[in-house]
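A.B. asks: Below are the structure tokens for one structure; questions will follow.
The values are calculated or read from the model by the stated rules, or taken from the named source; none is laboratory data. The structure presented is a predicted model; accordingly, all values stated were derived computationally and were not measured. Neighbour counts are summed over all protein chains in view; Cβ atoms, including those assigned to glycine, are modelled from backbone coordinates with ideal geometry. To get the accessible areas, we keep the full protein, side chains included, count just its heavy atoms, and leave off ligands, DNA and RNA. Shrake-Rupley method; radii C 1.70, N 1.55, O 1.52, S 1.80 Å.
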Amino acid sequence: MDYLQTVDWSRAQFALTAVYHWLFVPLTLGLSVAVALMETFYYRTRDDSWRRTTRFWMRLFGINFAIGVATGLILEFEFGTDWSNYSHFVGDIFGAPLAVEGIMAFFLESTFIAVMFFGWDRVSRGAHLAATWLTAAGANLSALWILVANAWMQYPVGCAFNLRTVRNEMTSFWDVALSPVAVNKFLHTVSSSFTLAALFVVGVSAWYLLRRREERMACRSIAVASVFGLVSAVVTATTGDRSGAIVARVQPMKLAAMEALYEGREGAPLTLAGLLRPGKTAGALAGEDPFVFRAEIPKLLSLMSFRDADAYVPGIRDLVEGNAERGILSAAEKMARGRAAVDELRRYRAAREAGDREAMAAVEREFDPATPEGREFLREKFAYFGYGYLETPGQTVPDVPLLFYSFRVMVGAGMLFIVLLAAVWWQNRRGTLARRRWLLRLCVWMIPTAYLASQAGWAVAEAGRQPWVVQDLMPVGVAASKIPAGTVSATFFVFLALFTVLLAAELSIMLRQIRLGPEGPEDPGPEKL
């Protein structure tokens, strides 16, 4: 019981840290590129107005970057403190991308960020521009390797189990780094971060236009951010579509939960909007309709998932109870096979402790991929190793309402962003944006909406993987460190207080800097450009 409490507190602490960290990361990724684009205009035009604009957004980037680093470091340390069983089991694989991130990407941005902030008038304009772009590249390379590590948890490839060390070990770095999940996750996450940063720039600039302040700076910032954001929003939508197709193949339970699809169907419809019956979704396994109402597009889920409008999309009942006609094993069968693998591992441990080399050799042959016996065992039993630690088939079902609603918040907001950014670009290009005060107010409100959509996206990605910390190989329940629950709960509240203070400090400093505006005398209005 105490260990179960430790698992719950460890999950809560990691979720807390991740949520706070992700409040800072997207703006860092996107604003670094936006600042580099603005400085490129300054470099090409030698117009001091562009320099003044660049330095203003660079200052906001710096405030956000500093606090994001602090939360990110704590997040990585928690893998060793709260999740030591996980770190032992897959540390050889998970640690490699994080090591590359620290050695290559973090050092890159840490080195050039000093030149970026303090190199004005100390290095040439070209050298300063290079430092700004390298800082942006470093920030986004950091995201690449972190997302590669996360993608491996969703889709573990490029690894093999070492029976003697009881660890998964990397067999191909490039299989891990270039898996379809990793590539698409990086493109989707980074492009969505670019969109968030663009909406932040547009929203803050709209605030200035509403107050008839810094109109030239605001219009120029919107000119850059609206195009930057529109392109990235379209890329986000494209990679999101690709992500759904990948999830359908490698994480079918996540897809079924996202759609609250309990009964598998050929030509499955996509639910545009709907209201789930409170507390009734579990009953849907018995055939009850989980929806109060829904609006759907026929066959679109099959088309988006498998590029075939008549394709069969398995539902939650298929994945829990099995579907022999479709070749889908039940969760109970997977649990039985997983327990067989776990039992063999325990038999090996007992034989090693007893010094029984013959028994050890027999188990080693079962885990040897070079033999037909070993290949069959790894394919038929060890592939479901993680299921051996589950207690009931129902544990394989994630939080359906959370995924269903989060997915629609993310997608709905993404569509809104595309329309809004296109409208803002057009009105700004025509010189009529300052007169569209309703649109400017909407732009300001898009800042918190962008953060909500970003958090909803991560809820879909991470909650949809449950109960797994590594898909099919390791459930969350056995990944946590065996430490007293009171220790984790105490640090949870310490981190809650610390992160809340940091967030309040960042918001206070950012708002103060926005109210102060760019340094130096105010530029003339857009009518004087």
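A.B. asks: Return a yes/no flag: does segment 439-459 have any residue that is crowded, with 17+ Cβ neighbours inside 10 Å and without any contact (Cβ under 8 Å) to a residue 12 or more places away in the chain.
C.D. replies: Looking for residues that are crowded, with 17+ Cβ neighbours inside 10 Å and without any contact (Cβ under 8 Å) to a residue 12 or more places away in the chain, one finds none in segment 439-459, hence no.
A.B. asks: Output the residues belonging to segment 249-273 that are surrounded by fewer than 21 Cβ atoms within 10 Å (Cβ to Cβ) and over 15 Å from GLN466 (Cβ atoms).
C.D. replies: ARG249, VAL250, GLU263, GLY264, ARG265, GLU266, GLY267, PRO269, LEU270, THR271, LEU272, ALA273
A.B. asks: On to the next question. Suppose the filter is assigned to a helix (DSSP H, G or I) and of a type in the set (Gly, Ala, Ser); does ALA206 pass it?
C.D. replies: yes
A.B. asks: A further question follows. Consider ARG46 carefully, then state whether it is in contact with a Lys or Arg (Cβ under 9 Å, 6 or more places away or on another chain) and open to solvent by 10 Å² or more (accessible area, probe 1.4 Å).
C.D. replies: Taking the combined requirement at face value, the residue satisfies it.
A.B. asks: Confirm whether VAL470 is open to solvent by 30 Å² or more (accessible area, probe 1.4 Å) and modelled with pLDDT of 90 or more.
C.D. replies: Judged against the criteria, VAL470 is not a match.
A.B. asks: On to the next question. Is one or more of the residues making up segment 385-400 within 30 Å of TRP445 (Cβ to Cβ), at pLDDT 90 or above and buried (at least 18 other Cβ atoms within 10 Å of the Cβ)?
C.D. replies: Looking through segment 385-400, at least one residue is within 30 Å of TRP445 (Cβ to Cβ), at pLDDT 90 or above and buried (at least 18 other Cβ atoms within 10 Å of the Cβ).
A.B. asks: Taking the condition of being open to solvent by less than 20 Å² (accessible area, probe 1.4 Å) and at pLDDT 90 or above, how many residues in segment 159-181 meet it?
C.D. replies: Selection size over segment 159-181: 4.
A.B. asks: Another question, if that's okay. Hey, among the residues in segment 112-143 that are out of contact with any Leu (no Cβ under 9 Å at 6 or more places or on another chain) and open to solvent by less than 10 Å² (accessible area, probe 1.4 Å), which one's farthest from THR189 (Cα to Cα)?
C.D. replies: Filtering segment 112-143 for residues that are out of contact with any Leu (no Cβ under 9 Å at 6 or more places or on another chain) and open to solvent by less than 10 Å² (accessible area, probe 1.4 Å), the one farthest from THR189 (Cα to Cα) comes out as GLY119.
A.B. asks: What about THR195, is it more than 19 Å from the chain's Cα centre (by Cα), crowded, with 22+ Cβ neighbours inside 10 Å and touching a residue at least 60 places away in the same chain (Cβ under 8 Å)?
C.D. replies: When the stated conditions are applied, THR195 does not pass them.
A.B. asks: Ok, one more. Any residue in segment 76-98 that is free of Cβ contacts under 8 Å to residues at least 24 places away in the same chain and among the hydroxyl-bearing types (Ser, Thr, Tyr) sitting within a Cβ distance under 6 Å of a residue that is part of a helix (DSSP H, G or I) and buried (at least 18 other Cβ atoms within 10 Å of the Cβ)? List the pairs, counting only those 6 or more apart or interchain.
C.D. replies: Listed by first residue and then by second, the contacts come to SER87/PHE79.
A.B. asks: For segment 336-344, does any single residue satisfy the condition of being within 29 Å of the chain's Cα centre (by Cα) and basic (Lys, Arg)?
C.D. replies: no
A.B. asks: Residue by residue through segment 342-381, note down the ones that are of a type outside the set (Val, Ile, Thr), open to solvent by less than 50 Å² (accessible area, probe 1.4 Å) and in contact with an Asp or Glu (Cβ under 9 Å, 6 or more places away or on another chain).
C.D. replies: Residues satisfying the conditions are GLU344, TYR348, ALA351, GLU366, PHE367, GLY374, PHE377, LEU378.
A.B. asks: Could you list, in sequence order, the residues of segment 89-111 that are open to solvent by 60 Å² or more (accessible area, probe 1.4 Å) and of a type in the set (A, V, I, L, M, F, W, C)?
C.D. replies: Of everything in segment 89-111, those that are open to solvent by 60 Å² or more (accessible area, probe 1.4 Å) and of a type in the set (A, V, I, L, M, F, W, C) turn out to be ILE103, MET104, PHE106, PHE107.
A.B. asks: Determine whether THR432 is farther than 27 Å from SER191 by Cα and either modelled with pLDDT of 90 or more or open to solvent by 30 Å² or more (accessible area, probe 1.4 Å) (or both).
C.D. replies: So THR432 passes the test.
A.B. asks: Pull out all pairs, ordered by first then second residue, where Cβ-Cβ is under 7 Å, the residues are six or more apart or on different chains, the first lies in segment 325-338 and is under 12 Å from PHE385 (Cβ atoms) and surrounded by 16 or more Cβ atoms within 10 Å (Cβ to Cβ), and the second is at pLDDT below 95 and aliphatic (A, V, I, L, M).
C.D. replies: That search, which allows pairs on different chains as well, returns MET335/LEU390.
A.B. asks: Give just the number: which of (1) within 21 Å of the chain's Cα centre (by Cα); (2) modelled with pLDDT of 85 or more; (3) crowded, with 22+ Cβ neighbours inside 10 Å does GLU39 not satisfy?
C.D. replies: Result: GLU39 fails condition (1) only.
A.B. asks: Taking GLY431, is it in contact (Cβ under 8 Å) with a residue 60 or more places away in the chain, on the phi > 0 side of the Ramachandran plot and not hydroxyl-bearing (Ser, Thr, Tyr)?
C.D. replies: Spelling it out, GLY431 is indeed in contact (Cβ under 8 Å) with a residue 60 or more places away in the chain, on the phi > 0 side of the Ramachandran plot and not hydroxyl-bearing (Ser, Thr, Tyr).
A.B. asks: Determine which single condition TYR208 fails, assuming it passes every other condition in (1) among the aromatic types (Phe, Trp, Tyr); (2) touching a residue at least 60 places away in the same chain (Cβ under 8 Å); (3) open to solvent by 10 Å² or more (accessible area, probe 1.4 Å).
C.D. replies: (3)
A.B. asks: For segment 144-158, which residues satisfy the criterion of being open to solvent by less than 30 Å² (accessible area, probe 1.4 Å) and more than 18 Å from ASP368 (Cα to Cα)?
C.D. replies: TRP145, LEU147, VAL148, ALA149, ASN150, ALA151, TRP152, MET153, GLN154, listed by residue number.
A.B. asks: Considering every residue within segment 225-243, establish whether at least one is among the small types (Gly, Ala, Ser), under 30 Å from GLU325 (Cβ atoms) and open to solvent by 20 Å² or more (accessible area, probe 1.4 Å).
C.D. replies: yes
A.B. asks: Would you check if ARG59 is within 26 Å of ARG512 (Cβ to Cβ) and either modelled with pLDDT under 95 or of a type in the set (Asp, Glu) (or both)?
C.D. replies: Against the criterion (within 26 Å of ARG512 (Cβ to Cβ) and either modelled with pLDDT under 95 or of a type in the set (Asp, Glu) (or both)), ARG59 qualifies.
A.B. asks: Right, here's the next one. Which condition number does ILE297 fail, the rest of (1) more than 17 Å from LEU403 (Cβ to Cβ); (2) exposed (fewer than 15 other Cβ atoms within 10 Å of the Cβ); (3) in contact with a helix residue (DSSP H, G or I) (Cβ under 8 Å, 6 or more places away or on another chain) being met?
C.D. replies: (3)
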